[in-house]
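Every number here is computed from the coordinates shown, using simple stated rules; none is lab data. These figures come from a predicted structure and were not determined experimentally. Here Cβ is always computed from backbone atoms with ideal geometry, including for glycine, and neighbour counts include all displayed protein chains.
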Amino acid sequence: MKAASWNVNSLRVRLPHLLKWLHTAQPDLLGLQETKIVDEQFPAAEIEAAGYRVIHAGQKTWNGVAILSKMDGTDIVTGLPGLDDPQRRVLGATYGDIRFLNLYVPNGQQVGSEKYSYKLDWLEKLLAYIKTQLEQYPRLIVVGDFNIAPEDRDVHDPALWEGGILCSDPERAAFQQLLASGLADTFRLFDQEEGVFSWWDYRAAAFRRNIGARIDHILASPALCEVCSYSTVDKDPRSWERPSDHAPVISVFDGIGFA
DNA sequence: ATGGTGGATGCTCCA
């Protein structure tokens with residue numbers, strides 16, 4: 001079973017990239033973030049024609065999350081308990097005996113800002129929710145754009161980024177609490193090359209110079225980590241014409257019946 | 001060089 005996550009930064013613009021990538025990568029479960037489209041305009045027909053079921057929680061202009069899958073999902077949730085939030089950032093569903101949560105964590109803009117406070121509050125609510133989900137579902141996968149680079153090795157220039165947004169201690173502490181709750185960062189279950197990132201700023205030729213950060217993650221519960229055999233970032237779509245600023249991330253779980 | 005690019009929107013915000 002191949003799980004994936006991709007911040008597409010406008011599904012309207014990126015639909016051709018998505019369809020091309022689906023064709024070759026063939027993920028079984030894919031969380032999309034920043035669809036930036038209302039449900040009524042969601043390109044469901046094109047995605048279904050590519051062999052995928054799809055659920056979407058969208059809004060005008062900003063945010064928006066979708067899950068593409070090769071089987072039907074049940075017990076669909078949107079939003080976090082205890083957070084009455086019009087921003088569409090959470091979508092969860094159950095596929096067989098896999099619970100799959102797709103997140104678009106707030107960016108936070110700048111340390112100390114109002115948006116930063118919202119991000120930290122959001123992460124606190126998320127942690128509480130993850131704990132209850134872990135009790136309920138032994139096989140839990142949490143994917144998304146976390147807007148957190150967990151460690152110094154997850155950014156191009158740790159000194160330059162130190163204490164800044166995506167890297168600040170409270171953000172990293174929140175991420176560590178997710179790991180302490182029982183989830184693992186599947187990318188770090190394996191030896192990886194240095195300088196692997198999932199997001200590169202559009203500006204200053206950042207992708208060409210590999211000035212980026214690893215902020216998109218696939219977390220999994222212990223039962224799934226045991227059967228996780230591979231995890232990577234697929235940089236290829238970031239090199240295509242008119243790309244998203246994020247690349248898809250992928251993790252493979254062996255022996256999971258799907259579709 | 002306190003910039004740069006890109007997306008959605010509508011005379012600017014967000015990432």
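Separation of the range A:141-159 from the range A:26-54 is 25 Å, based on Cα centroids.
Residue-wise HN-Hα couplings along the range A:34-45, as the Karplus relation 6.51 cos²θ - 1.76 cosθ + 1.60 with θ = phi - 60° gives them from phi, are 6, 5, 6, 8, 6, 4, 5, 9, 5, x, 5, 4 Hz; Gly and Pro carry x.
Multiplying each eigenvalue of the alpha-carbon gyration tensor of chain A by 5 and taking the square root yields semi-axes of 24, 21, 19 Å, largest first, rounded to whole angstroms.
When the Cα convex hull of the range A:15-126 is projected onto planes of every orientation, the mean area is 7.8 nm².
Less than 5 angstrom separates the built amide H of A:Arg139 from those of A:Arg99, all sequence-distant by 5 or more or on a different chain. Reported value for the range A:157-200: 94 Å³ per residue, from the convex hull of its C-alpha atoms. Of the peptides A:90-96, A:148-154, the ranking by mean beta-carbon count within 10 Å, highest at the top, reads A:90-96, A:148-154. Straight Cα distances below 18 angstrom link A:Lys36 to the lysines A:Lys60, with same-chain residues fewer than 8 positions distant left out. The length gained by stretching the chain between A:Ser117 and A:Asp85 to full extension, at 0.36 nm per residue less their Cα-Cα distance, is 10.1 nm. Of the three principal axes defined by the Cα atoms of the range A:64-162, the extents in descending order read 44, 31, 25 Å. Return the tail of the calculated pair distribution for the range A:96-244, meaning the percent of Cα-Cα pairs more than 27 Å apart. Here the tail beyond 27 Å accounts for 23 percent of pairs. What the phi angles of the range A:110-127 give under the Karplus curve with 6.51, -1.76 and 1.60, with θ = phi - 60°, is a coupling list of 8, 4, x, 7, 4, 5, 5, 4, 4, 4, 5, 5, 4, 5, 5, 5, 4, 4 Hz, glycine and proline written as x.
The length gained by stretching the chain between A:Gln109 and A:Tyr202 to full extension, at 0.36 nm per residue less their Cα-Cα distance, is 31.9 nm.
Within a straight-line Cα-Cα reach of under 23 Å, A:Lys131 can be paired with the following lysines, leaving aside sequence neighbours fewer than 8 residues apart in one chain: A:Lys119. Ignoring lysines fewer than eight residues from A:Lys70 along the same chain, the ones with Cα atoms less than 18 angstrom from its Cα are A:Lys2, A:Lys20. Relative to the 2.2 N^0.38 Å rule of thumb, the range A:60-117 has a C-alpha radius of gyration ratio of 1.33.
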